[in-house]
Structure formats: C-alpha cells, structure tokens
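Single-structure report; data block below.
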Amino acid sequence: MTDGISSISPQLLQNMLEAGVHFGHQAKRWDPHVKPFIWQSRDGIHIFDLLKTAQSLQIAGEAVKQHIIDGKNILFLATKRQASGLVRDEAIRAGMPYIVSRWPGGMLSNWEQINKSIKRMHYIESGLESGEFKHYTKKERVILDRELTRLKRLFVGVGDLKNPPDALFVVDITREKSAMREAMAKKLPIYALIDSNANPNLVDFPIPGNDDAVRSISLLTKLFVDYIVEAKGIAEKSK
C-alpha cells in the first residue's frame, strides 16, 4: 500500500481543489460522524480536508485493487441526475456492472428473481431481433417492446452478471437507502463518496468529498476507476 501523506502529490490536491471536492453541505445539515474529515466551516459551509480525502481515496483504491486481482467485481450505483451518465461511462471503462436509473429492489437480497428478469430481458431482445415473435399480433409486439424498454432501463448495466455483485460503489448513500440496506444485510464491501451530510461509518471505504458537483463526482470516480484498471492489468499479466 502507498505510504500516507508523503505519496500524495500536490497536483492531486490541486485537481481536487479545482473540481470543488472540498465543498460540503451547509454546516447545519451535517452528520457529526463526518467530523474527522472536515477541515473547517466557512460561511456556514463545511470544507473537507483534502489531504484526508486523498488518503481515504488511496485506502479505498488499494482495497479495490486487491478485490479485482482476486477476481471479484463491483457494482457501480449512481441514480442522481448529475452523476448517472459519468458514473456509467466510468463503470464501462472499468468493465464493471452499473445501475444508473432506479435501484431494482432485491438486486442483492433476491438475486434469483433479479436473474429471471435479466434472462427475460435477453430473451425478448433476442426474439425481437431474430424474428421469433413475427407471428405475434401488432398489439402483442408493442407489449413486448414496452416490457423490453422497462427491463433495459433497470438492467441494461447488469445484463452480463451471472451471479450477485461482490461489492458496491455508491454515489450519495443518503439517496441510495434501499441499496445500502441490502448491501449491509449481505455484508458486501461498500465503497462510497461521502458528503458532509452522510455517515461514513455506514460504509467500509468512505471517500469524503462533494457528491453533488459534476466535476467533483467525475474526478473522484475516475481516480477510483484508475485503480481498477491498474488491477485488471496486473491480473492479466499474472495469467
């Protein structure tokens, strides 16, 4: 593992500063458990200690590297509007599953049913492409089209999963309460961007910082995915 403060480059801290990673929520909206990561309050806004953010990112990054080298996957979750597109793109870069529209209840707690829905999505898509349903009436094909649209909206990012995810990466745990409950019940490792209104003790690897601004989410997610890409390269070379 990299060695603490000495390995954190000034350029990384500058990039975080320029991306607004240091801006938290209004001080009156904070979760007291996040106090160790707060530098100060300025004009009623909590300011993150970027050195601690960088250290937390390193800890999370080294952990996820080992996770990937061990052959496990990680599900990326971000349903808030400003995060969904960029998190989807980073998950694709990492070669990992993602959910960016709405959390499908039971994704972790009722995998058997979720897997049936994923298989149903593939079946309808394949059948429509191959002409298997050409003998159906127009109304029946419209119903299939609508069902496929609904299933793809939920499961397009997890369509290649054969088994439940091994871990979770979350943007905004205060928003993704259902997913958090399922992950904690299953004792899955949770990596997450933690803003000043969230409890970092709810996740295994908190990355404290602004989880509302696009540039902040983009930078922190990219840096996290860089560790995954590096780990996949290491795993490939060791084959």
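Would you work out if the range 158-232 is rounded, prolate or oblate? Take a ≥ b ≥ c from the square roots of the eigenvalues of the alpha-carbon gyration tensor; rounded if a/c is under 1.5, else prolate when a/b is larger than b/c, oblate otherwise.
Because a/c hits 1.5 or more and a/b fails to exceed b/c, the range 158-232 counts as oblate.
Starting from the Cα of Arg29, move 7 Å in the Cα-to-Cβ direction to define the label point; list residues of the range 210-226 whose amide nitrogen is under 12 Å from there.
What the label zone holds, given the 12 Å backbone N cut-off, is 211-213.
What value in Å³ per residue do you get for the convex hull of the alpha-carbon atoms in the range 80-186?
Values: hull volume 12.4 nm³, N = 107.
In the range 80-186, the Cα hull volume divided by residue count equals 116 Å³.
Specify the angular offset, from 0 to 90 degrees and rounded to the nearest 10, of the alpha carbon long axis of helix 10-19 from the longest principal axis of the alpha carbons in the chain.
Compared with the principal axis, the helix lies near 60 degrees.
So for the chain: antiparallel DSSP bridges make up what percent, rounded to the nearest 5?
Working: 6 of 19 bridges.
Antiparallel bridges make up about 30 percent of those DSSP assigns within the chain.
Apply the Karplus parameterisation 6.51 cos²θ - 1.76 cosθ + 1.60, with θ equal to phi minus 60°, to every residue of the range 94-104 and state each ³J(HN,Hα) to the nearest whole Hz, in sequence, with x for glycine and proline.
7, x, 10, x, 8, 9, 9, 10, 8, 5, x
How big is the Cα convex hull of the range 36-141 in projection, averaged over all directions, in nm²? Don't skip to the end; give the middle numbers.
Numbers: hull surface 46.8 nm².
If I average the Cα hull's projected area over directions, I get 11.7 nm².
Apply the a/c threshold of 1.5 to the C-alpha gyration tensor of the range 1-90 and tell me whether it is rounded, prolate or oblate. Don't skip to the answer; put the middle values down first.
Values: a/c = 1.89, a/b = 1.31, b/c = 1.45.
The shape class here is oblate.
Where nothing but the Cβ of Lys and Arg (+1) and of Asp and Glu (-1) is charged, how large is the charge dipole of the range 45-173 around its Cα centre, in debye to the nearest 20? Walk me through the numbers on the way to the answer.
Working: 20 positive and 15 negative charges, 117 e Å.
Dipole about the Cα centre, nearest 20: 560 debye.
Would you mind checking the pairs Lys162/Lys186; Lys35/Lys186; Lys72/Lys239; Lys162/Lys222 and listing those with alpha carbons more than 23 angstrom apart? Walk me through the numbers before you get to the answer.
Values: Lys162/Lys186 17 Å; Lys35/Lys186 28 Å; Lys72/Lys239 15 Å; Lys162/Lys222 26 Å.
Long pairs (Cα-Cα over 23 Å): Lys35/Lys186; Lys162/Lys222.
Tell me the Kirkwood hydrodynamic radius of the range 111-158 in angstroms, computed as one over the mean inverse distance between distinct C-alpha pairs.
Numbers: mean 1/r = 0.0903 Å⁻¹.
For the range 111-158, inverting the mean 1/r across all distinct Cα pairs yields 11.1 Å.
As a test of the formula, what do you get for the chain when each DSSP H run with n ≥ 4 contributes -39,500 (n - 2.57) and the sum is divided by the residue count, at 222 nm and rounded to the nearest 500 deg cm²/dmol? Present the calculation step by step, with values, prior to reporting the outcome.
Working: 7 runs with 115 residues, N = 239.
The helix-only estimate for the chain comes to -16000 deg cm²/dmol at 222 nm.
Convert each backbone phi in the range 123-131 into a coupling constant with the Karplus relation 6.51 cos²θ - 1.76 cosθ + 1.60 (shift: θ = phi - 60°), then list the ³J(HN,Hα) values in order as whole Hz, x for Gly and Pro.
Here the 3J(HN,Hα) series is 5, 5, 4, 5, x, 5, 6, 7, x Hz.
In Å, what is the Rg of the alpha-carbon atoms in the chain, and how long is Dmax?
19.9, 68
Against the longest alpha carbon principal axis of the chain, how many degrees, from 0 to 90 and to the nearest 10, is the axis of helix 50-69 turned?
40 degrees
Pull up all non-local amide H partners of Ala192: gap of 5 or more, or a different chain, and H-to-H distance under 5 Å with H placed in the peptide plane.
The answer is Val170, Phe205, Ile207.
By how many degrees, between 0 and 90 and to the nearest 10, does the Cα long axis of helix 138-155 differ from the longest principal axis of the chain?
20 degrees
What length, rounded to one decimal in nm, is gained on full extension from Lys52 through to Tyr123, with 0.36 nm per residue of separation minus their alpha-carbon distance? Please list the in-between numbers first.
Values: separation 71, 0.36 × 71 = 25.56 nm, distance 4.77 nm.
Full extension from Lys52 to Tyr123 adds 20.8 nm.
Only the coordinates and a few stated rules stand behind these numbers; no lab work does. Quantities reported herein were computed from a predicted structural model and do not represent experimental measurements. Note that each Cβ is placed from the backbone with ideal geometry, even for glycine, and that neighbours are counted across all protein chains shown.
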